[in-house]
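S.K.: Pasting in a structure now, in structure tokens, and then I'll have a few things to ask.
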Amino acid sequence: MQSSIFRFVSVLGERYTHGHIVDFCRQLRDDPHKLRVLGNGRQRKSYLYVQDCIDAMLLAVAKSTEQVAIFNLGTDAYCEVNESIEWICKALGVQPSLEFFRRRARWTGDNPFIFLDTAKIRALGWRPKLTIQESVVTQSTFYAQIRGVVRAMKICVAGLWHLGSVTAACLASLGHRVIAFDFDAFVIVNLNKGRASGSEPGLDGLIAAGMSADR
């Protein structure tokens, strides 16, 4: 009986549920203007798209003639976390400020540099269809579509009585940059104090939060 043993780099795919890419997407969903990064962003990673991983495993099982075959599966490249941040933000249409914390720290069980020699599986004719960048973008885009990551926009709201103030405050709470105006000076004075002209539960808090975040 033949056996195949596989060692993987980090595998990415549309339904991947953990790792720094998912963590960054979740953070950006909650606040498109800020991203906290564990470590210094210089950690080096190699990734493999899940379908490319499956293709490699099936090919190895079909073509290997060894009694016990051991394969490394991955791409022939790696990226820094900082590079993946750039790709994720571009895919999501956001430009957050970056906050690096515990610069010498790393995720529990994580290796700061992952890169495998895949010459053996390549010798059987396998090549990944997606690059690391394409894998990261594919997963980020899927997460945005499913989880509703906000693509921050600049939006103008004209008129700030009840409907206008509610609309402006809600859009700002979603991470959009809202520019609003009204001809009534009384309305503007109240808004600058974080108060709505109309009565709506929770609206004053939304307005104050939006103004505090400069949105």
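The values are calculated or read from the model by the stated rules, or taken from the named source; none is laboratory data. Here the structure is a predicted model, which means the values were calculated and not measured. Heads up, the Cβs are rebuilt from the backbone with ideal geometry, glycines too, and the neighbour counts pull from every protein chain shown.
S.K.: Every residue in segment 166-215 that is of a type in the set (A, V, I, L, M), touching a helix residue (DSSP H, G or I) at 6+ places or on another chain (Cβ under 7 Å) and more than 20 Å from Asp31 (Cβ to Cβ), please.
M.R.: Val166, Ala180, Leu191, Ala196, Leu203
S.K.: Something else about it: Can you work out which of the residues in segment 166-196 that are outside any helix (DSSP H, G or I) and of a type in the set (A, V, I, L, M, F, W, C) is surrounded by the most Cβ atoms within 10 Å (Cβ to Cβ)?
M.R.: In this case the residue turns out to be Ala196.
S.K.: Something else now. Check Arg44, Arg26 and return the single one that is in contact (Cβ under 8 Å) with a residue 12 or more places away in the chain and more than 30 Å from Lys154 (Cα to Cα).
M.R.: Of Arg44, Arg26, the one residue that is in contact (Cβ under 8 Å) with a residue 12 or more places away in the chain and more than 30 Å from Lys154 (Cα to Cα) is Arg44.
S.K.: Just the residues that are modelled with pLDDT under 80 and on the phi < 0 side of the Ramachandran plot, please, taken from segment 147-171.
M.R.: The answer is Arg147, Val149, Val150, Arg151, Ala152, Met153, Trp161, His162.
S.K.: Next question, about the same structure. Taking Thr75 and the conditions (1) modelled with pLDDT of 95 or more; (2) not in a helix (DSSP H, G or I), which numbered condition does it fall short on, given that it satisfies the others?
M.R.: So the condition that Thr75 fails would be (1).
S.K.: In segment 26-74, what count of residues is obtained for those that are closer than 21 Å to Val9 by Cα, surrounded by fewer than 14 Cβ atoms within 10 Å (Cβ to Cβ) and of a type in the set (Lys, Arg)?
M.R.: 1
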